[in-house]
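I have placed the structure first, in the form of structure tokens, so that the comments after it can refer back to it.
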């Protein structure tokens, strides 16, 4: 009986530790989100990039919204594993924000880009960012294609001469241990040039 009580106590302690860790990670993610949005607002006020915390190796560079889905996330610079833990991010080897070509944003299928499972062809995307002069710019896109592809199908990931926005995440969505495919959303601009927008960026 004593051994059973000891085992039961160990199970309870282990469960408490796991629950405490989960709560800590959730609180950490919530705080990071608040700091990232604050850094974005500071960038709006100054026209210059601001790191969300002193030791951060990334900073907010854009805001992505999908009105029909109620989606609204701040985009970070550089789609590294560390950065993707805190939000969707720009893939550095593709087009720059406001530059010509295919701009690619990546995000995790379990969190930042999970809402993409509800996206449809024809949906509108709004992207805000700062140009080199520190002015807040806006461009609207319309979803042209939604595809599930194999990782080796690199043709659809090649840089293009036409302006476009590509969102990429692993597939299937959710917390399945396997994600052998890629989910791609391809959107084309609704206007030829980005427009300057109000610095409040509501």
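Derivation of every value follows stated rules applied to the coordinates shown; laboratory data play no part. If you're wondering where the values come from, they're calculated on a predicted model, not measured in any experiment. Cβ placement follows ideal geometry from the backbone for every residue including glycine, while neighbour counts extend to all protein chains displayed.
By how many nm would the segment from residue 144 to residue 156 lengthen if fully extended, with 0.36 nm per residue of separation less the alpha-carbon distance?
Gain in length upon complete extension: 3.0 nm.
For region 2-196, calculate the relative contact order in percent as a whole number, restricting contacts to Cα pairs under 8 Å that are 6 or more residues apart.
16 percent
Quick check: from the Cα gyration tensor, does region 54-183 come out rounded (a/c under 1.5), prolate or oblate?
It is rounded, given that a/c, with a ≥ b ≥ c, falls under 1.5.
Counting only DSSP beta bridges with both residues in region 2-196, tell me the antiparallel percent, nearest 5.
In region 2-196, DSSP labels about 85 percent of beta bridges as antiparallel.
What is the list of residues in region 97-122 whose amide nitrogen lies under 14 Å from a point 7 angstrom out from the Cα of residue 72, following Cα to Cβ?
none
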